[in-house]
Amino acid sequence: MTGRRTKILAVLCMAVASALAPGAAFGSAPEEAAEKKLVGSISSIRQRVEKDHRVRLVEDKHKGKSRIHCYLVTANQTLPYVISLGWLRTTDSVLKSTEPKKKKHHLIPRVKLHLPGRTKANEPDDINLKSKNLLESARQSAPPLNVVDENNFIIPSLTESPLDSSRKVDILYLTAFDALIEKKMDKAEKLLASVLDQCPEDAKFQNSYAVVLALRGDYKEAGKHIDKAIALNGSYSFAITNRALLELARGRSKEALKAADQALALKPDFLPAKLAKARALLDTGQKEEALTMARELKQLYSADWQTMLLLADAELATKNYKEARETLARLTVLSPNNSDLLLKLAHAEEQLGDLDAAMKNARKSTQAGAQDPRTHIALGDYLKDNRDEKAALLQYERALDLKPASAFKKRAMGSILSIYVGQNKLEEAYEISGQWVDKNQDEAFCHFNHAWIASQLDGTEYRDTAIEEYNTAIKLDKSLASARYNLALLLLKGGRNEEALAQLKTFVKDSPDDKDVPQAKELLEKLTGAGTSTEKAKKTESKP
């Protein structure tokens, strides 16, 4: 097709495609915007955009040439990783295969179409009639436009099979991409692993496999493939953006900020990179800067879910709880069964003094995230604040039944014990904490909790148990400073001054900033000076 006819088609398609090609970059040249709308109007791309709102189009450069980059952004996740379908352009003919021709095949014989307005000298290449689009084109006055990626792979519509002349690895990759659209992660991961086995030197393939691994939580392996993608294409802004997001997931906010800046230097208007930078600012303590950036992004992308989530998090971090409540209320309308959003909304309500609203939203979160121990712990905290300790205990116990990660287990156990101690039920607390020790022999905080409860009870038996449990806690976690201090006090009470002296010295040396260091130093002076009595050593122990 001549360049003139291409431009005519582009103009005709612009109005139809305007709502079908999201992800426009602000300040795009008219020609680029027209080309993006044209690509977005072609059925093979339009169908995927319509099927999954996460599929988007942006203007981009590939090997120095202007292309339309089609990608999927994991907009339903806190971190918007990006997976490329390809750098696309339009063509009005089927490109011939570079693979050797097979002697035998089952394809429908090729025919030549003589199209109105063309001389025989200008006839198109042979067209494979197996393609539904091309069959239909024979009835039209001009051949249809198709979309090809950077490897000249023709992207078929969702109802068509790829041409047999296409590279098999590209067909496999497209199948993996469509599996991600359908949220079939297992299938996508398996297909992408096969793609990499066949073509490991493709940056796009490496990046996509890394994203799937990151979504699985395998950050170490994901990092290896991201590094490989960037090594293969140093200007691959999508992969560099994903590196920033991956660093955020790994808790390396400074590295994330550096990568986000690198991505934005390559593509200043790329929203996922901007979101990565704003979140890195939040994580590095630059809360006001993050809030300013979030507000600016909200003005540009008012309906974007990720942008609204960022704004809510920035408002919470800067203690703008009223604004956060409004933003989160909008988000929960868009995503009513999102337990994380409900927990954040509950927190904002609680900070604004509306405990009833906080409990209501926390209760909703336990329904939306029934298998998430965090929801039960949060509701337990609000019930505890409301003096409904019996109901709070049920929520903490439910959280423990779900076998949570160590940090949440520690929090639930500590809350349960604080309720029993507050009710002066030390014997019950001692029995429960002992049961936790039996079930969690490798958890230092379980031994610490049991030791502290035992130390609050009268009797040599309880004191000996506390000393034994503190020693076990220290062996399991040498950084547990308060265990050393509490152990030293118990040893002094038992007249074991030399052992107490050793624990105090280690405590002061290893934990100079601990709140109990001044008292520890005072005890050391007395022990190394005129001596001390058991009564002088009766200090308050650090609680669990």
> On the given criteria, is A391 surrounded by fewer than 21 Cβ atoms within 10 Å (Cβ to Cβ), under 24 Å from Q435 (Cα atoms) and among the small types (G, A, S)?
Replying inline: yes
> Within the range 448-464, is even one residue buried (at least 18 other Cβ atoms within 10 Å of the Cβ) and under 30 Å from R363 (Cα atoms)?
Replying inline: yes
> Does any residue of the range 301-309 turn out to be in contact (Cβ under 8 Å) with a residue 12 or more places away in the chain, assigned to a helix (DSSP H, G or I) and aromatic (F, W, Y)?
Replying inline: yes
>> Can you tell me which of (1) part of a helix (DSSP H, G or I); (2) farther than 22 Å from Y236 by Cα; (3) among the charged types (D, E, K, R) is the one E189 doesn't meet?
In response: (2)
> Inside the range 354-387, can you point out the residues that are of a type outside the set (D, E), surrounded by 18 or more Cβ atoms within 10 Å (Cβ to Cβ) and in a loop (DSSP other than H, G, I, E, B)?
Replying inline: G369
> Does at least one position in the range 233-245 carry a residue that is at pLDDT below 95, within 25 Å of H62 (Cβ to Cβ), among the hydroxyl-bearing types (S, T, Y) and part of a helix (DSSP H, G or I)?
Replying inline: yes
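Report, by residue number, each residue of the range 423-449 that is outside any loop (DSSP other than H, G, I, E, B), farther than 17 Å from L400 by Cα and in contact with an Asp or Glu (Cβ under 8 Å, 6 or more places away or on another chain). Walk me through how you get there before you give the answer.
Residues of the range 423-449 outside any loop (DSSP other than H, G, I, E, B): 426-439, 444-449.
Okay, now just the ones that are also farther than 17 Å from L400 by Cα, so 426-428, 430, 448.
Across the range 423-449, the qualifying residue is only F448.
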>> Consider the range 248-275. How many of its residues are assigned to a helix (DSSP H, G or I), more than 26 Å from G64 (Cβ to Cβ) and touching a residue at least 24 places away in the same chain (Cβ under 8 Å)?
In response: 7
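Please specify each residue of the range 514-538 satisfying the condition of being among the aliphatic types (A, V, I, L, M), modelled with pLDDT of 50 or more and farther than 15 Å from E499 by Cα. Reasoning before the result, please.
Just the residues of the range 514-538 that are among the aliphatic types (A, V, I, L, M), to begin with: 517, 520, 523-524, 527, 530, 537.
Narrowing the set further to residues that are modelled with pLDDT of 50 or more leaves 517, 520, 523-524, 527.
Correct list: V517 only.
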> Considering A348, A329, which residue is of a type outside the set (D, E, K, R) and either touching a residue at least 60 places away in the same chain (Cβ under 8 Å) or in contact with a Phe, Trp or Tyr (Cβ under 8 Å, 6 or more places away or on another chain) (or both)?
Replying inline: A348
> Within the range 394-438, can you find the residues that are of a type in the set (K, R), surrounded by fewer than 17 Cβ atoms within 10 Å (Cβ to Cβ) and at pLDDT 95 or above?
Replying inline: K425
> Can you find even one residue in the range 496-504 that is surrounded by 16 or more Cβ atoms within 10 Å (Cβ to Cβ) and in contact with a Phe, Trp or Tyr (Cβ under 8 Å, 6 or more places away or on another chain)?
Replying inline: yes
>> E323 - would you say it is modelled with pLDDT of 95 or more and over 28 Å from Q395 (Cα atoms)?
In response: yes
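The values are calculated or read from the model by the stated rules, or taken from the named source; none is laboratory data. Computed from a predicted model, the values in this text were never measured in an experiment. Here Cβ is always computed from backbone atoms with ideal geometry, including for glycine, and neighbour counts include all displayed protein chains.
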